[in-house]
Amino acid sequence: MRTTVGFALALLLVVLRAGADDAGPAFDVEANARLLVIAPHPDDETLGAGGLIERVRAKGGTVRVVLITAGDGFLEAVAHETGQPRPLPASFIAYGQHRLREARAALRVIDRDARFEVLGFPDGGLTELLQAHWWRSRPERSRFTGASDPPYDDTALEPDLPYDGDDLRAELERIMHHTRPTIVALPDPLDRHPDHRAAGLFTLLAIADWSAAHPTAPRPQLLAYLVHWPDWPPGWDAHEPQARPDQRLELPPAAAHAGGLQVSLVLTDQEIAAKLAALEKYRTQMAIMAPFLTAFVRRTEPFTVLDFAETGRVADAIERAVTPLPHRHPSPPPRHGPSRR
Ligand SMILES: [Zn+2]
């Protein structure tokens, strides 16, 4: 079954990649937008959509940022910090808590009123939720924290939500329902980092489900942001970290989606400065890869406007592949409890 799911996803990604569009027309956001940013790890929201968050806020809109993981699976960083080659689960959780504090501080720089939440799902394990751990009867266990549900009892949005794909999909759908976003900024499903790719697919799947359940609700604009791609962003391997306000950041042409237009948000000097200041709050990450992070700080912030039909294609491909999986398991328990907010 894993092979089938993998095959379906590979097919889907080929479909998404076919076709290319001209890069870079400028766009702007409407007044009073409701922006939902989905980020796999702390700092992705700022790298991919920091300028967008600022612009929405400046135009009277509201922002909600949801981190899917706390970024607690960074083995090299935790090993370095603790001096232990094989750190204990508690050390990974402490590292995640540290990164969440950094994320909160970073977001305060670009929008002090933004709503900020973390789901606390397994860093480095989101792809497996689409495959081996789709159903609640087979939750995933983080190979770093040892947890099978979010180990951040005080901070996670739903600390008892089990690590399975169906529950993550349902939680994102619930977030869609409560937020009613006019814009969703999501990780590009073509991103080369498996967590980013999976987070993008989960977001599209949740939007498809929400949209099917609310067919008359206005559809949000879908803006995909890219973080990981070979030799990108240009200058990522510079010796010295530097913002480049005199340069545009363009998406790699090979990262074009079928029917997806690549667009750019042109940032003001003030927005660029705030994006850099926000990234500087990520001290743990700046200490390790400042040139990579600052290579995202440029005159433009690029996105691919995804065709809404992609949500349906993603949902079809994933559901066709996953539905037969639990044939020897009891039906999963209902995933929607009473409203918790
Ligand atoms: Zn990331």
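The values are calculated or read from the model by the stated rules, or taken from the named source; none is laboratory data. All values reported here derive from a predicted model rather than from experimental measurement. Here Cβ is always computed from backbone atoms with ideal geometry, including for glycine, and neighbour counts include all displayed protein chains.
Numerical summary
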{"read-out": "Flag if L107 is modelled with pLDDT of 95 or more, of a type in the set (A, V, I, L, M), under 23 Å from H178 (Cα atoms) and part of a strand (DSSP E or B)", "value": "no"}
{"read-out": "Some residue of the stretch 271-292 being modelled with pLDDT of 85 or more, assigned to a strand (DSSP E or B) and either on the phi < 0 side of the Ramachandran plot or of a type in the set (S, T, Y) (or both)", "value": "no"}
{"read-out": "Candidate set from the stretch 40-56 (those that are near the ligand (Cβ under 10 Å from one of its atoms) and assigned to a helix (DSSP H, G or I)); member that is farthest from K281 (Cα to Cα)", "value": "G48"}
{"read-out": "Qualifying residue in the stretch 9-30 (condition: modelled with pLDDT of 95 or more and within 14 Å of the ligand (Cβ to nearest atom))", "value": "no"}
{"read-out": "Residues of the stretch 198-222 that turn out to be among the charged types (D, E, K, R) and assigned to a helix (DSSP H, G or I), as a count", "value": "1"}
{"read-out": "Condition check for L201: touching a strand residue (DSSP E or B) at 6+ places or on another chain (Cβ under 7 Å) and closer than 23 Å to F303 by Cβ", "value": "no"}
{"read-out": "Residue in the stretch 86-94 that is touching a Leu at 6+ places or on another chain (Cβ under 8 Å) and either in a helix (DSSP H, G or I) or buried (at least 19 other Cβ atoms within 10 Å of the Cβ) (or both) present", "value": "yes"}
{"read-out": "From D167, D195, residue being acidic (D, E), farther than 15 Å from L67 by Cβ and part of a helix (DSSP H, G or I)", "value": "D167"}
{"read-out": "Selection within the stretch 191-226 - within 16 Å of the ligand (Cβ to nearest atom) and either aromatic (F, W, Y) or crowded, with 23+ Cβ neighbours inside 10 Å (or both)", "value": "D191, D195, H196, A198, A199, G200, L201, F202, T203, A224, Y225, L226"}
{"read-out": "Of all residues in the stretch 58-77 being crowded, with 23+ Cβ neighbours inside 10 Å and not in a loop (DSSP other than H, G, I, E, B), the one that is farthest from the ligand (Cβ to nearest atom)", "value": "V63"}
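Okay, residues lined up against (1) in a helix (DSSP H, G or I); (2) more than 28 Å from I53 (Cα to Cα); (3) away from the ligand (no atom under 16 Å from the Cβ); (4) not aliphatic (A, V, I, L, M):
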{"site": "R112", "(1), (2), (3), (4)": "no, no, yes, yes"}
{"site": "R141", "(1), (2), (3), (4)": "no, yes, yes, yes"}
{"site": "F144", "(1), (2), (3), (4)": "no, yes, no, yes"}
{"site": "P150", "(1), (2), (3), (4)": "no, no, yes, yes"}
{"site": "L172", "(1), (2), (3), (4)": "yes, no, yes, no"}
{"site": "V184", "(1), (2), (3), (4)": "no, no, yes, no"}
{"site": "P189", "(1), (2), (3), (4)": "no, no, no, yes"}
